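Below is one structure, written out as structure tokens, with a few remarks after it.
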Amino acid sequence: MSRAGAARLSIILGGVVLLEILCRVDIINRLTMIPPSEMLVSIWDMARSGKLAREALSSFRNVAIAFVLAVVFGTVFGVLLHRYPRARRVLDPLFGSYYAVPFFALYPLLVVIFGLNSIPLIVLGMMFSVVAVIVSTLNGIDRVPRVLLKVSRTFRMGSLSTATMVVIPSILPHLFTGVKLALAYSFVGVLAGEFILASSGIGHAIAFAYDAFDNKTMYGLIAFILIIVTLMNVGLQSVESHLLKGRTR
């Protein structure tokens, strides 16, 4: 582990220990928050009872579909948009203000269009994450060294060969930035949609526990989401670091 990674881990663990102490000595009211250790116990209890698997399966399936669609569509659209500068100049201001749009207000409309099922959640998650991939793809293509493109033309490489052997390796660091953002945004979009109107999923379970003043279940599910998202981002960071080391060599 790098020195920066060790420092970040120390800060996180220190914050968790401090929160545990504040909750145990009643500086933080237990009606407001429970200690992190009890959150872990709650996760274990829900996992043993099967409740956690039932709620997580629905949410993770929707997040995975929204994430894959956002990455595929965002990458393809970014590549196509880069080839049409006029269209890009028109859309650039919209990308800059995209996340100021209250997407969650559209969720009831999506329910009316698609019905009360998983499709509105998937669409909401994809809408919330796709622009991050588009912008990252455009930024990556902008930074492809011109000399590499000239070399590909010198060797009379076709469009497919140029894309797979020159463009994609060059944009990988920028593309991974968009992928990491898309993962986080997909979780936010899907879980927030489940908060508003859904019949299953972790977001629905958290909202139900909140209304029932069931802090143990609510904070246990929140801690579970934080742990899963953190592990996924660490995994993506490891893959990105491995690819960057290969590029350096």
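Among the residues in region 53-66, are any surrounded by 12 or more Cβ atoms within 10 Å (Cβ to Cβ), within 20 Å of Asp214 (Cα to Cα), hydrophobic (A, V, I, L, M, F, W, C) and not assigned by TED's automatic domain parsing to the domain that holds Ala163?
Scanning region 53-66, I find no residue that is surrounded by 12 or more Cβ atoms within 10 Å (Cβ to Cβ), within 20 Å of Asp214 (Cα to Cα), hydrophobic (A, V, I, L, M, F, W, C) and not assigned by TED's automatic domain parsing to the domain that holds Ala163, so the answer is no.
Considering each of Val63, Val71 in turn, give the residue that is of a type outside the set (S, T, N, Q), assigned to a helix (DSSP H, G or I), closer than 25 Å to Thr177 by Cβ and in contact with a Gly (Cβ under 7 Å, 6 or more places away or on another chain). If you could, list the steps in order and put the result at the bottom.
Working: Val71 fails: in contact with a Gly (Cβ under 7 Å, 6 or more places away or on another chain).
After applying the criteria, what remains is Val63.
Just need a number here: residues in region 68-98 that are surrounded by 12 or more Cβ atoms within 10 Å (Cβ to Cβ) and not aliphatic (A, V, I, L, M).
Total satisfying the criteria: 10.
Restrict the check to region 94-116 and report whether at least one residue is at pLDDT 85 or above and either acidic (Asp, Glu) or in contact with a Leu (Cβ under 8 Å, 6 or more places away or on another chain) (or both).
Checking region 94-116: not a single residue is at pLDDT 85 or above and either acidic (Asp, Glu) or in contact with a Leu (Cβ under 8 Å, 6 or more places away or on another chain) (or both).
Step by step: first the residues of region 112-168, then only those that are of a type in the set (Ser, Thr, Tyr), closer than 23 Å to Tyr185 by Cα and out of contact with any His (no Cβ under 8 Å at 6 or more places or on another chain), then the one that is surrounded by the most Cβ atoms within 10 Å (Cβ to Cβ). Which residue is that?
So the residue we want is Ser129.
Within region 77-155, which helices (runs of 4 or more DSSP H) (wholly inside it) include 1 or more residues that are among the hydroxyl-bearing types (Ser, Thr, Tyr) and on the phi < 0 side of the Ramachandran plot? Break it down stepwise before answering.
Working: elements: 85-96, 107-114, 118-142, 146-154.
Because the criterion is at least 1 residues that are among the hydroxyl-bearing types (Ser, Thr, Tyr) and on the phi < 0 side of the Ramachandran plot, the helices (runs of 4 or more DSSP H) in region 77-155 that meet it are 107-114, 118-142, 146-154.
If you check Ser238, Ser186, which single one turns out to be buried (at least 17 other Cβ atoms within 10 Å of the Cβ) and assigned by TED's automatic domain parsing to the domain that holds Phe60?
On the way: Ser238 fails: buried (at least 17 other Cβ atoms within 10 Å of the Cβ).
After applying the criteria, what remains is Ser186.
Of all residues in region 1-47 being surrounded by fewer than 14 Cβ atoms within 10 Å (Cβ to Cβ) and charged (D, E, K, R), which is nearest to the chain's Cα centre (by Cα)?
Arg8
The values are calculated or read from the model by the stated rules, or taken from the named source; none is laboratory data. What you are looking at is a predicted structure, and each value in this text was computed from that prediction instead of being measured. Neighbour counts are summed over all protein chains in view; Cβ atoms, including those assigned to glycine, are modelled from backbone coordinates with ideal geometry.
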